[in-house]
Amino acid sequence: MDAIRQNINVSQAVAEGLRLEMEADEHVLVIGEDVGRQGGVFGSTRGLQKAFGAERVLDTPISEMAFTGMAVGLAMEGYRPVVEIMFADFIGVCLEQVFNAIAKNPYMSGGATPMPIVIKTAGGAIGSAAQHSQTLWGLYAHLPGLRVVAPSSPHDSKGMMAAAVQSPDPVVFIEHKGLLLKKASSFSHGTDVPRERYTVPLDRAHVVREGRDVTIATLSASVGDALDAAEALALDGIDVEVLDLRSVVPLDWDGITASLRKTRRLLVVDEDYLGFGLSGELITGAIERLGLDGLDSVSRHGLANVPVPASKTLEQAVLPSAASIARAVRESGAGR
Amino acid sequence: MREFEEACARGVAERHIHGEVHLAIGQEAIGAALAGVLRDSDAMVSTHRNHLHAIAKGVPLHPMLAEIFERATGLCGGFGGHMHLFDPARRFSTTGIVGGSLPVALGHAYAARLRGDDAVAVAVVGDGSVNTGGFAESMNMAGAMKLPLVVVVENNEWAISVPFSQASATATIAERAAAFGARGVRVDGLDYERVREAFIDAVDSARAGGGPVIVEATCYRFRGHYEGDLDLYRDQGDKESRREQRDPLAMARAELLESGAADEPELARIDEEVRAEIGGLVQRVLADPFPDPETARRHVFASGLDLPAGV
Ligand SMILES: Cc1ncc(C[n+]2csc(CCOP(=O)(O)OP(=O)(O)O)c2C)c(N)n1
């Protein structure tokens, strides 16, 4: 792919990915609040209604239970709906359809009823307090039957959205508000976005920065923070490998173990709640695969089982940042 | 109310507030009409666009503004922020989840039934919320149980970029009341007197055991959905003309002057007083401390249970 273009941000990349898939397959449609006329509150469906009409890019009432359930019926009719739940936090009002229908119908029907649905939603904290700042990938990941992905760059956002739409499985596609609002020029990785249609596999982690001393396994907006932390740590002679997981379900164990065989140290950085989530899963899985002797250290750093507070000082105290990630790496003993 | 909200708008512009803020500028006649009608024992549950309702319920201004400005002296110590105001003493709360305020108000209404007193519960919601499952379920239960629930719908015609006309099967919200065994009235929400009459009537009727009432007050929001919203989805000419010709504040002013209830110097003096009061409030809030980062884990559990960060 040679038609390289630098200047597109995550929201444009998602919209472009969707546009190309909608051009390629007339069964793809986008359903959600403000996705049409406004092109999404973050612009990640911008231009689609103009291009494909108001029936294929449907502005809905605030009726998540109804329109998420609609996706189930549409999928049974051969459509490939992309349902936008504006913020990941709002899934609560329609979770029933997500975990009882979308995630289970393929299984309960003995494989006869695939649910090629994308649940596209924005997670992450940008100052919006407890009801609008969750990422929730651990919650979705807990429900069998859902693929769960969260890209970290414009390049991956476009390619993973395309792959999600093409997937016969339901995919929970979690964008990050901070990344959606970030300028294209502020990304330190994944800025080359081909103009044409391409996919990024939904189950491959990506080594964004190679290093020898410790593997930071993370995803979404924390990848950028981990890269910044790695730069700071490099000055102290600590060589950090940054592994962008990209997918929570499934986890790319080949990629993860390959990195850990090299560094023998694992730090999981997770903007989601730490308890009963991605970090526990990753560390346990790594030990299961490499054995207790296969690693020199495991540790985790994330949102410390506390709702995200409103005030900036409190928010900074609970969320991972480049500085806190660097601190966590030092505490993990990677520098010794 | 206008002055308070303009102070919030400046708070965003000047980066004293780092989260989003939803203002109800242009909808003040409704907020004003709700003011002073309820008792502390009556509950009010509001939404993301909640400042005017909090003021109407008597939530004190300093802790309220301090919460919006994310200060330790705020109503919730800076843990809640603008969208999540809680004042238990006045039975006032909010939610940022559209439709989420209705079932909560239903609970307050049932509490009144359980206690056997004549308290009412008021849910103030936007037109968008009436399309949620929570609205239909709550209204049906309130109707079936004849609970003292008053739902005030601020129908500002828009749910972010989606117009009510496109999102609703019925032309009005008031007409939906019949399906729930409730009374429904629709009033001009720019007209303070009309809204106040309708609201007092609804509260009296619910208090007297008449069952749920929906008061639909029509209005228009002057600002974007939140501060920073470019608001490109609405017709700019229409917006301008409404701001110029249908400003409830200007309309109320004109009426006061016309009826002789007040004269220009008096209104100017009130303006001056309010500006000084809110200005002083902002200065006070800006001098207030931010919450101590060390306290971030406080309040996760009311028991004080503090799980270590690991689990
Ligand atoms: C369940 C849920 N879905 C979506 C949202 C995002 N959202 C916040 S406000 C809003 C529009 C609400 O419109 P309306 O109820 O008419 O109130 P208004 O903003 O006009 O005052 C939307 C879609 C949300 N907060 N909760």
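The values are calculated or read from the model by the stated rules, or taken from the named source; none is laboratory data. A quick note: this is a predicted structure, and the numbers were derived from the prediction, not measured. Cβ: placed from backbone, ideal geometry, glycine included. Neighbour counts: every protein chain shown. To get the accessible areas, we keep the full protein, side chains included, count just its heavy atoms, and leave off ligands, DNA and RNA. Shrake-Rupley method; radii C 1.70, N 1.55, O 1.52, S 1.80 Å.
As an exercise: evaluate B:Phe135 against (1) within 21 Å of B:Ser205 (Cα to Cα); (2) more than 11 Å from the ligand (Cβ to nearest atom) and give the number of the one condition it does not meet. Checking B:Phe135 against (1) within 21 Å of B:Ser205 (Cα to Cα); (2) more than 11 Å from the ligand (Cβ to nearest atom), the one that fails is (2). Among the residues of the range B:38-64, those identified as over 22 Å from B:Glu3 (Cβ atoms) and assigned to a loop (DSSP other than H, G, I, E, B) are B:Leu38, B:Arg39, B:Asp40, B:Ser41, B:Asp42. Residues in the range B:14-58 that are out of contact with any helix residue (DSSP H, G or I) (no Cβ under 9 Å at 6 or more places or on another chain), within 23 Å of B:Pro103 (Cα to Cα) and more than 16 Å from the ligand (Cβ to nearest atom): how many? So the count comes out to 1.
The criterion of at least 3 residues that are within 14 Å of chain B (Cβ to nearest Cβ) is met by the following helices (runs of 4 or more DSSP H) wholly inside the range A:50-145: A:64-76. Checked across the range A:257-272, the condition of being at pLDDT 95 or above, surrounded by fewer than 24 Cβ atoms within 10 Å (Cβ to Cβ) and under 20 Å from A:Arg147 (Cβ atoms) holds for no residue. Among the residues of the range A:83-108, those identified as open to solvent by 40 Å² or more (accessible area, probe 1.4 Å) and more than 20 Å from A:Trp137 (Cα to Cα) are A:Tyr107, A:Met108. Pairs linking a residue in the range A:126-150 that is in the same structural domain as A:Asp169 (by the TED database) and closer than 11 Å to A:Val172 by Cβ to a residue that is among the basic types (Lys, Arg) and away from the ligand (no atom under 16 Å from the Cβ), with Cβ atoms under 8 Å and 6 or more positions apart or on different chains, are A:Gly145/A:Lys104; A:Val149/A:Arg246; A:Ala150/A:Arg246. Here B:Val124 fulfils each of the conditions (1) under 19 Å from the mean Cα position of the chain (by Cα); (2) more than 11 Å from the ligand (Cβ to nearest atom) apart from (2). Can you find, within the range B:149-179, the residue that is farthest from the ligand (Cβ to nearest atom) among those that are of a type in the set (Ser, Thr, Tyr) and in contact with an Asp or Glu (Cβ under 9 Å, 6 or more places away or on another chain)? Ranking the qualifying residues of the range B:149-179, first place goes to B:Thr172. Among the numbered conditions (1) within 13 Å of another protein chain (Cβ to nearest Cβ); (2) open to solvent by 40 Å² or more (accessible area, probe 1.4 Å); (3) more than 18 Å from B:Leu230 (Cα to Cα), the only one that B:Thr47 does not meet is (2). Considering (1) surrounded by 12 or more Cβ atoms within 10 Å (Cβ to Cβ); (2) within 30 Å of B:Gly143 (Cα to Cα), the lone condition that B:Ala208 does not fulfil carries the number (1). Of all residues in the range A:111-152 being within 16 Å of the ligand (Cβ to nearest atom) and within 11 Å of the chain's Cα centre (by Cα), which is surrounded by the fewest Cβ atoms within 10 Å (Cβ to Cβ)? Step by step, filter the range A:111-152, then rank; the result is A:Leu136. I'm checking my understanding of the structure. Among residues of the range B:85-106 that are open to solvent by 40 Å² or more (accessible area, probe 1.4 Å) and away from the ligand (no atom under 16 Å from the Cβ), which one is nearest to the other protein chains (Cβ to nearest Cβ)? That would be B:Phe86. Meeting the requirement of 1 or more residues that are of a type in the set (Gly, Ala, Ser), the strands (runs of 3 or more DSSP E) wholly within the range A:239-314 are A:247-249, A:297-303. Residues that are in a helix (DSSP H, G or I) and of a type in the set (Ser, Thr, Tyr) were ranked within the range B:115-160; the one that is nearest to the other protein chains (Cβ to nearest Cβ) is B:Ser129.
Take the residues in the range A:33-49 that are part of a loop (DSSP other than H, G, I, E, B) and more than 16 Å from the ligand (Cβ to nearest atom); name whichever of them is surrounded by the fewest Cβ atoms within 10 Å (Cβ to Cβ).
Taking the candidates together, the pick is A:Gly47.
Go through the residues of the range A:66-82 one by one and say whether even a single one is among the polar types (S, T, N, Q), surrounded by 24 or more Cβ atoms within 10 Å (Cβ to Cβ) and more than 16 Å from the ligand (Cβ to nearest atom). So that I can check it myself, show each step before the final result.
Pass one, the range A:66-82, residues among the polar types (S, T, N, Q): A:68.
Filter again for surrounded by 24 or more Cβ atoms within 10 Å (Cβ to Cβ), leaving A:68.
After this cut, where a residue has to be more than 16 Å from the ligand (Cβ to nearest atom) as well, the list is none.
Checking the range A:66-82: not a single residue is among the polar types (S, T, N, Q), surrounded by 24 or more Cβ atoms within 10 Å (Cβ to Cβ) and more than 16 Å from the ligand (Cβ to nearest atom).
Does the range B:161-187 hold any residues that are touching a strand residue (DSSP E or B) at 6+ places or on another chain (Cβ under 6 Å), more than 14 Å from chain A (Cβ to nearest Cβ) and not in a helix (DSSP H, G or I), and which are they? Hits for the range B:161-187 are B:Thr172, B:Ala182, B:Arg183, B:Gly184, B:Val185, B:Arg186, B:Val187. A residue that is assigned by the TED database to the domain that holds A:Arg212 and closer than 17 Å to A:Leu136 by Cβ occurs somewhere in the range A:296-303. Within the range B:154-172, one or more residues are more than 30 Å from A:Gly43 (Cα to Cα) and touching a residue at least 40 places away in the same chain (Cβ under 8 Å). So is B:Arg71 more than 29 Å from B:Val162 (Cβ to Cβ), away from the ligand (no atom under 14 Å from the Cβ) and away from every other protein chain (no Cβ under 14 Å) or not? When the stated conditions are applied, B:Arg71 does not pass them.
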